[in-house]
Amino acid sequence: MEVVVFSLLNGLLYGLLLFMLSSGLTLIFSMMGVLNFAHASFYMLGAYLAYAMGGQIGFWPALFLAPVLVGVAGALVERYGLRPVHANGHVAELLFTFGLAYLIEEIVKLFWGKQPVPYRVPDVLSQPIFTLFETTYPAFRVFMMVVALLMFGVLWLLLKRTRAGLMIQAALTHPHMVGHLGHNVPLIFMTVFGIGCALAGLAGVIGGAILVTEPGMAHSLGPIVFVVVVVGGMGSLTGAFVASLLIGMLQTFAIAVGASIGDLLRLVGIPVAPHGELTGITLAQIAPMLPFLLLVLILIFRPRGLMGARET
Amino acid sequence: MSALADTIATPPARRASGEAMLEIRDLHAYYGKSHILQGVDLDVGAGEVVSLLGRNGVGRSTLVKAVMGEVPPRGAIRFKGHWIAGLPNHRIARLGLGYVPEHRDVFPYLTVRQNLQLGVKNPRRPGKWRLEQMLDMFPNLARRADSPAGVLSGGEKQMLTICRTLMGDPDLMMIDEPTEGLAPLIVRQVGDLIAEIARAGVAILLVEQKLSIALDISHRVYVMGHGRIVFEGTPAELRANDGVRREWLEV
Ligand SMILES: Nc1ncnc2c1ncn2[C@@H]1O[C@H](COP(=O)(O)OP(=O)(O)OP(=O)(O)O)[C@@H](O)[C@H]1O
Ligand SMILES: [Mg+2]
């Protein structure tokens with residue numbers, strides 16, 4: 001029971017963190033067709049900026065300012081980097097974001113070194129908020145969940161209920177037509193890219209404090225975020241939300257359950273040796289593999305993803 | 001002459017060339033290495049209905065695409081005194097040039113009403129076409145006003161794309177093959193709608209294949225063959241010209 005509850009909470013936490021990163025990426029991906037490899041780098045940038053600024057101006061202003069700065073950086077990258085490169089096709093764009101990801105990583109190393117930085121949350125948030133089965137649950141984690149859920153709500157309303165949101169939705173499938181109607185599609189692209197990066201930055205401000213803030217943090221989350229986007233379905237905010245939670249839960253539960261493959265097989269009635277070479281592999285060992293297995297299967301059997309508007 | 005044609009006001013007499021609303025001069029366009037438009041000259045005057053006819057694949061769609069910059073244009077294009085060749089499409093649209101492309105691109109996940117709302121360029125300055133009025137005109141659209149536009153039939157989608165562009169209050173509309181693949185009754189409705197738009201004083205450049213509709217509602221027609229204009233004249237002149245019809249239009 002205890003394991004189940006904590007796995008649920010951790011899965012939820014991890015899933016919501018994934019959602020904060022993937023919400024922007026799914027819009028960027030389906031609207032511009034840009035496989036933005038640097039998306040998680042903006043997440044890292046958010047964490048480092050919050051760490052750097054937090055020392056000067058305190059955590060709360062940094063929580064607000066760091067994402068704004070990351071968003072502005074993202075918009076500038078789109079306007080003066082991606083847009084000119086776009087003329088040379090998708091492969092050029094892909095290589096551009098690939099290079100950008102490494103560039104950001106090296107810049108971060110240059111300023112803050114290769115070791116993790118001691119980025120911590122303020123005392124109010126590091127206190128326990130409740131106790132379950134004699135284990136305390138830190139307030140900061142609940143804070144993160146609330147922020148992520150708020151973000152989902154606000155984004156959903158913006159997308160579904162405002163004129164700008166309608167334009168974005170229309171541009172997801174028919175960007176040229178939106179332009180023919182007199183709307184500035186390049187400006188919409190830049191704005192969405194900027195906001196997407198800002199959201200990744202916000203995820204970094206919070207995720208950096210819960211996990212670790214180090215130069216490898218973009219690398220460790222980047223691939224999973226792509227899995228979320230594909231599994232959720234291109235351009236679908238709700239899809240990204242569901243897929244984030246699904247993958248978050250999948251991974252935490254696989255780690256938490258102590259069973260091996262052999263145990264599972266015997267559970268469904270296939271008698272195998274309990275500690276064989278293959279059957280002895282535990283679920284925890286294959287946990288890192290699961291999202292990518294899901295990615296491959298989805299691409300084969302359901303290329304639109306769970307809720308996608310069109311094929312990847 | 002049919003009843004339709006009689007209902008359209010005669011356009012203001014066109015003045016000497018250089019005064020038309022849309023002027024296209026020596027326009028060329030390419031897909032890769034293939035030279036599709038090979039020096040096209042074409043005019044549309046204010047309030048005028050002009051049809052662009054021709055067989056499949058002669059480059060009619062490419063012409064309207066080049067005007068909107070969807071295909072890179074080489075040559076001179078002037079609209080209401082502005083040189084528009086190569087401008088971003090939203091700038092061209094905001095000058096008052098509406099474009100309804102050939103594939104009935106409704107926004108499938110938005111409702112019919114939202115599609116129409118996106119036709120409005122500036123919600124604080126609504127034009128002369130009102131959303132409710134559009135829905136009144138087309139009961140089929142009104143009934144589906146809050147359904148996703150993706151579920152509409154081909155004819156309904158065509159009505160929607162035309163009405164959506166109309167919401168942006170254009171002075172000239174380029175409509176690419178609006179009747180393609182539609183049942184005769186629907187073709188008739190689309191024809192009526194275009195006539196209605198023309199009556200309101202909007203100039204129209206209609207790309208068509210169906211001679212009957214085009215000849216009925218146009219003031220002037222152009223026939224295109226292999227990337228060039230091969231005939232220019234009034235519908236009556238085209239009717240009288242068996243040679244052009246046989247060589248460039250009939251299959
Ligand atoms: N994207 C493209 N790439 C390469 N060639 C193209 C492309 N689109 C059209 N073409 C070619 O350009 C020529 C003109 O095409 P266009 O679409 O203008 O024809 P059209 O006169 O509108 O006829 P229809 O609409 O009946 O096909 C055709 O021969 C077509 O094969
Ligand atoms: Mg065509």
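The values are calculated or read from the model by the stated rules, or taken from the named source; none is laboratory data. No experiment lies behind these values; they were computed from the predicted model shown. Neighbour counts are summed over all protein chains in view; Cβ atoms, including those assigned to glycine, are modelled from backbone coordinates with ideal geometry.
Look at region B:103-118 and say how many of its residues are more than 8 Å from every other protein chain (Cβ to nearest Cβ), touching a Lys or Arg at 6+ places or on another chain (Cβ under 9 Å) and not in a helix (DSSP H, G or I).
Within region B:103-118, residues that are more than 8 Å from every other protein chain (Cβ to nearest Cβ), touching a Lys or Arg at 6+ places or on another chain (Cβ under 9 Å) and not in a helix (DSSP H, G or I) number 3.
Matching residues to (1) among the β-branched types (V, I, T); (2) within 20 Å of the chain's Cα centre (by Cα); (3) over 20 Å from A:V212 (Cβ atoms):
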| site | (1), (2), (3) |
| --- | --- |
| A:V121 | yes, no, no |
| A:V124 | yes, no, yes |
| A:Q127 | no, no, yes |
| A:F133 | no, no, yes |
| A:A139 | no, no, no |
| A:F143 | no, yes, no |
| A:V147 | yes, yes, no |
| A:L150 | no, yes, yes |
| A:V154 | yes, yes, yes |
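Can you confirm whether B:I186 is more than 14 Å from chain A (Cβ to nearest Cβ) and farther than 16 Å from B:L135 by Cα? Step through it out loud before you land on a result.
Details: more than 14 Å from chain A (Cβ to nearest Cβ): yes; farther than 16 Å from B:L135 by Cα: yes.
In short, yes.
Scan region B:33-71 for residues that are more than 10 Å from ligand 2 (Cβ to nearest atom) and within 14 Å of chain A (Cβ to nearest Cβ) and jot them down.
Of everything in region B:33-71, those that are more than 10 Å from ligand 2 (Cβ to nearest atom) and within 14 Å of chain A (Cβ to nearest Cβ) turn out to be B:A66, B:V67, B:M68, B:G69, B:E70, B:V71.
Which pairs do you get when a residue that is at positive phi, found in region A:110-138, comes within reach of a residue that is assigned to a helix (DSSP H, G or I), reach meaning Cβ atoms under 6 angstrom, with the pair 6+ apart or on two chains?
A:F133/A:E2
Taking B:R74, is it surrounded by fewer than 21 Cβ atoms within 10 Å (Cβ to Cβ) and either within 14 Å of chain A (Cβ to nearest Cβ) or within 16 Å of ligand 1 (Cβ to nearest atom) (or both)?
yes
Quick one: in region B:209-243, of everything that is in a loop (DSSP other than H, G, I, E, B) and under 11 Å from B:V49 (Cβ atoms), which residue is nearest to ligand 2 (Cβ to nearest atom)?
Only one residue fits best here, namely B:S218.
Tell me the residue from A:A164, A:A170, A:A243, A:A198 that is in contact with a Pro (Cβ under 6 Å, 6 or more places away or on another chain) and part of a helix (DSSP H, G or I), please. Break it down stepwise before answering.
Values: A:A164 fails: in contact with a Pro (Cβ under 6 Å, 6 or more places away or on another chain); A:A170 fails: in contact with a Pro (Cβ under 6 Å, 6 or more places away or on another chain); A:A243 fails: in contact with a Pro (Cβ under 6 Å, 6 or more places away or on another chain).
After applying the criteria, what remains is A:A198.
Using beta carbons and a limit of 6 Å, which pairs, at least six apart or on different chains, have the first residue in region B:48-71 and within 23 Å of B:A200 (Cα to Cα) and the second one near ligand 2 (Cβ under 8 Å from one of its atoms)?
B:L52/B:R60; B:L52/B:V207; B:V64/B:D176
Give the residues of region B:124-152 that are surrounded by fewer than 21 Cβ atoms within 10 Å (Cβ to Cβ), in a loop (DSSP other than H, G, I, E, B) and modelled with pLDDT of 90 or more, sorted by residue number.
Correct list: B:R144, B:A145, B:D146, B:S147.
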